[in-house]
Each structure stands twice: as structure tokens, then as C-alpha cells.
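The values are calculated or read from the model by the stated rules, or taken from the named source; none is laboratory data. Being a predicted model, the structure only gives us computed values, none of them experimental. All Cβ positions, even for glycine, are placed from backbone atoms using ideal geometry, and neighbour counts span all protein chains on display. These area figures cover heavy atoms from the full protein model, side chains too; ligands, DNA and RNA do not enter into them. Shrake-Rupley method; radii C 1.70, N 1.55, O 1.52, S 1.80 Å.
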Amino acid sequence: MKKNIFITIIGLALCVAQLHAQQIFKGKITYKTTFSGDEKLIEQAKLFLGTTTEVVSDGKKFRYYIDGGMRNSEFIFEAGKNVFYSIDTKKETITKNSLRAKSTRDRKVTAKKTGKVKIIAGIKTHHIELYSGDKKQVEVWLSDEYYWNLKDHPYKVKGMLLEGSFKDLKNQVILALVLLHPSGKAAIEMTAQEVDTNVPKDAFKLPKGFKVTDKTKSKSQETEKKVEKKKTVKGGE
């Protein structure tokens, strides 16, 4: 009897540990980006990546913000929906657009665990190397505890950190990565500086007074025209 009770307690403890190790992340992660190598390649990288990145999620909605360098950009989207908002704070514009469908093609990428473990921003992570063929493309440190709620999201996501997790890493939260330039002459490192498990107030509200452009309507009209054209061609046959 005592043995059965002991086994039950151990089983419950393991279940609790597994649940704790598989939490949907809710909150904000702030990353710092550093660059090394060829100056021309670094300037090109800064254009797209900036020097600071924030990823915010309440478990359903996502905000991805890049600051610094030569370009600021911000995206807001919701898991399961194909609409996203691109916000330009300098030009005070908001563009409503459609996410593309997720690719159904298999990516020939191999993930290799190295066994290395590191604490980043107070969170335990493990080290993974991603290879295309024999060539290493990127190194990442993944959270053992958190993942993004994107498993059933049928569209391509926005933002390099989210996209990499979504494509190849089973939506596990990336807390650091090293991206190698194909030439081998430069490298980009993004590392979490702060992890806040409180969702910032009004994190997903669109700025007021910005000019809004809705590109989803024009795309919808283009789709309707293509469908109508196909019907006309078939009818002519």
C-alpha cells in the first residue's frame, strides 16, 4: 500500500513538472542585438534588425518591435488570423495587410542538440545548432519552460525570432541566437536581456491619429477578379 502511494506521488510530481515545463509564454522579452565582422555587411544587417527587439504576447496576440539601427518596424498579429498590422511610428502610418499561408514544403534543416545549458535572463536554456546539409546556419538557446502559442497558426508569422521558432523549433521560445552570414565574414547575435511575465498594458492597441491603409481589400478584389477570369475562360471552352 505504501509503495503504491509513493509511486502515485512520484507520478503526480512528474506530471506537475511536465506541465510547468510546457507553459505558453505570456509577457515581454527584450533582446539586444550585436554585430561582428565586415562593416558593410553589418550596416546591411542593421537596416533590418536594428539594435533592440521586443516580443510581446498575451498567449494569443503578438507584438514584434524592432528599434535602432537604420530602420524601426513594428508588427501586431493574432494567432489563427491572417490579418496583421504594420506600424511606422516615424511616418505615423498603419498598414493592414494579409499574412501569407504557411508553406507546406518540408525544410531540409537538421537540428542538433549540443548538450550545453545556460541561464539567460534568469531562464534555463539548452543549445541547438541548425544545419542545412553540412553547413551550420544558426545557433540558438531555447527555453526549457516556455513556448509560443502558434502550433495551429496556419499563416507565416512576422519577425525573425518568431519565424525561426515557428518553422523549425516547435514554437519553443528562443532566448538567444547567433546567425552566421553565408560568406562567413559577419555574425549577428541576439540575446534576451530581460524577460517580464507580465503583459504590458495596452500592448496591442494601435496608435491613435495614424493614417491607416487597408491592403486586404485590394488583395480581396484581385482574388475575385482571378476567380471570375477562370470562370469566364472555362465558360468560353
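Descriptive notes on the structure:
- Residue match in segment 80-97 (condition: crowded, with 17+ Cβ neighbours inside 10 Å, in contact with a Lys or Arg (Cβ under 6 Å, 6 or more places away or on another chain) and at pLDDT below 85): no
- Flag for LYS46 being touching a strand residue (DSSP E or B) at 6+ places or on another chain (Cβ under 8 Å), open to solvent by 20 Å² or more (accessible area, probe 1.4 Å), basic (Lys, Arg) and part of a helix (DSSP H, G or I): yes
- Qualifying residues in segment 109-142 (those that are in a loop (DSSP other than H, G, I, E, B) and within 21 Å of SER183 (Cβ to Cβ)) - the one most open to solvent (accessible area, probe 1.4 Å): ASP134
- Flag for SER143 being touching a strand residue (DSSP E or B) at 6+ places or on another chain (Cβ under 6 Å) and within 17 Å of PRO207 (Cβ to Cβ): no
Conditions (1) open to solvent by less than 40 Å² (accessible area, probe 1.4 Å); (2) more than 22 Å from the chain's Cα centre (by Cα); (3) at pLDDT 90 or above, marked per residue:
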position	(1), (2), (3)
GLU145	no, no, yes
LEU175	yes, no, yes
HIS181	no, no, no
ASN198	no, no, yes
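- Condition met for THR191 (assigned to a helix (DSSP H, G or I), in contact with a strand residue (DSSP E or B) (Cβ under 7 Å, 6 or more places away or on another chain) and either free of Cβ contacts under 8 Å to residues at least 12 places away in the same chain or open to solvent by less than 40 Å² (accessible area, probe 1.4 Å) (or both)): no
- Any hit, segment 104-127, residues being among the aliphatic types (A, V, I, L, M) and free of Cβ contacts under 8 Å to residues at least 24 places away in the same chain: yes
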